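First up is the structure itself, then whatever we jot down about it.
The values are calculated or read from the model by the stated rules, or taken from the named source; none is laboratory data. Not measured: the values here are computed from a predicted model. Using ideal geometry, Cβ is built from the backbone for each residue, glycine included, and neighbour counts are taken over all protein chains shown. Accessible surface is based on the protein model in full, side chains and every heavy atom, while ligands, DNA and RNA are left aside. Shrake-Rupley method; radii C 1.70, N 1.55, O 1.52, S 1.80 Å.
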Amino acid sequence: MTPADPHLRVVILAGGAGSRFWPASTPARPKQFLPLVSGRPLVADTVARALGLVPVGQLRLVAGRHLESPLTSALPEVPPGCFLWESRPRSTAPALTWATWRAWRRDPDAVIVSLHSDHVVRPAGAFRSLVARAARIAARRDVLLTVGAQPDRPDTGYGYLQAGDAMDGPARDGSGELPRRVLRFHEKPDARLAAEYIRQGFLWNTGIFVWRASVFLKELRAHARDIAALIPRLEAGDVDGFFRHAPAASVDEALLERSQACAMLPASFHWDDVGSWEALARTRSPDRRGNTRAGDVVCVESDDNIVYSEGGRVVLFGVRDMVVVAARDLTMVTTREHARELKRLVERLPSSPRTQRT
């Protein structure tokens, strides 16, 4: 399989809420619309990587209808027919079932690459090389492939996976390396358990998935019957009914954690979920005093701060280990330690500042 193979499809999950990067992100403007790494929104960076694998006609973005305006504005190069609008949010299992079923209906040999719209991946060339290899494997094997990244810290915001032995059979793609079976998925652990996972050699589950559409649907019928039972609604054209009755579940929970067909390839690239403001210190280069800055920011006699400004100038003087976010007419100030708990803060705020459009 080559990157231009007509059987290859890339599905980008482009929905989401907006609490972890508040106040710059809101439900109406989730983090994938923020320029956290380059000068473009994260979703635009993701689309650019995907278009190195497939032409735009083989690309689909799945999101809620409420994001139609910001998403189409951020991606003028993507034609309207490449967007799949969910009638209501039901997490990734129903979304990927819909997208995979649509691809299979048009092409029984379709191979799906599933990406999240808000991750940092680099270099792009290494990413495309590994994903193209995963697609070649999925085209000939009955597997659900994921990509595992080597942890460099005991992060409590990521899911982990435990890899087993290599699968049987020749690689036949020139690499000589076979995918390894996934023994178990582990959801977000506490700090002690995360450290233990790393000690035992577990990997981060990147959420980059590759499978043949027919294999996914077969595994869905075996292990996620509550979702598979709703596929006749899709066949009848009742997409709203499918989402109305579908359980809200991640594809990991609904299918991958139950299937015996899961395998993994190790990432050959840097991957970051960009799960909180703390991630800016990893995705941007700090100044000589450790300050990470985005926007019009001045730091004087200040150390190890993270500062993001979308409008006027922000000046820090004599402080350290702070996170300051200025998004239009709202400014949030906290410590780097507390910035990881923004979801808890947002839940306690009155509705007006919580949902403010920025």
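All of Ala63, Ala95, Ala48 fail the test of being out of contact with any strand residue (DSSP E or B) (no Cβ under 8 Å at 6 or more places or on another chain) and open to solvent by less than 50 Å² (accessible area, probe 1.4 Å), apart from Ala48. When the helices (runs of 4 or more DSSP H) confined to the stretch 208-260 are screened for residues that are closer than 19 Å to Arg88 by Cβ and touching a strand residue (DSSP E or B) at 6+ places or on another chain (Cβ under 7 Å), those reaching at least 1 such residues are found at 239-245.
To keep it simple, each residue is scored yes or no on (1) hydroxyl-bearing (Ser, Thr, Tyr); (2) open to solvent by 20 Å² or more (accessible area, probe 1.4 Å); (3) more than 20 Å from Phe242 (Cβ to Cβ).
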{"site": "Trp101", "(1), (2), (3)": "no, no, no"}
{"site": "Val113", "(1), (2), (3)": "no, no, yes"}
{"site": "Val120", "(1), (2), (3)": "no, no, yes"}
{"site": "Arg141", "(1), (2), (3)": "no, yes, yes"}
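Out of the residues in the stretch 234-251 that are surrounded by 14 or more Cβ atoms within 10 Å (Cβ to Cβ) and not aliphatic (A, V, I, L, M), which is nearest to the chain's Cα centre (by Cα)? Among residues in the stretch 234-251 that are surrounded by 14 or more Cβ atoms within 10 Å (Cβ to Cβ) and not aliphatic (A, V, I, L, M), the one nearest to the chain's Cα centre (by Cα) is Ser250.
Looking across the stretch 332-345, the residues that are open to solvent by 90 Å² or more (accessible area, probe 1.4 Å) and in contact (Cβ under 8 Å) with a residue 60 or more places away in the chain come down to Arg340, Lys343. Are any residues in the stretch 32-45 surrounded by 24 or more Cβ atoms within 10 Å (Cβ to Cβ) and either closer than 19 Å to Ala95 by Cα or free of Cβ contacts under 8 Å to residues at least 12 places away in the same chain (or both), and if so, which ones? If the condition is that a residue be surrounded by 24 or more Cβ atoms within 10 Å (Cβ to Cβ) and either closer than 19 Å to Ala95 by Cα or free of Cβ contacts under 8 Å to residues at least 12 places away in the same chain (or both), then Gln32, Val43 are the ones that fit. Here the strands (runs of 3 or more DSSP E) wholly within the stretch 307-358 that include at least 1 residues being at pLDDT below 95 and aliphatic (A, V, I, L, M) are 322-327, 330-335. Condition first: modelled with pLDDT under 95 and loosely packed, with under 14 Cβ neighbours inside 10 Å. Can you find one or more residues in the stretch 286-303 that meet it? For the stretch 286-303, residues modelled with pLDDT under 95 and loosely packed, with under 14 Cβ neighbours inside 10 Å: absent. Restricting attention to the stretch 304-331, the residues being hydroxyl-bearing (Ser, Thr, Tyr), closer than 13 Å to Leu36 by Cα and open to solvent by 50 Å² or more (accessible area, probe 1.4 Å) number 0. Residues in the stretch 122-139 that are among the basic types (Lys, Arg) and open to solvent by 50 Å² or more (accessible area, probe 1.4 Å): Arg122, Arg128, Arg136.
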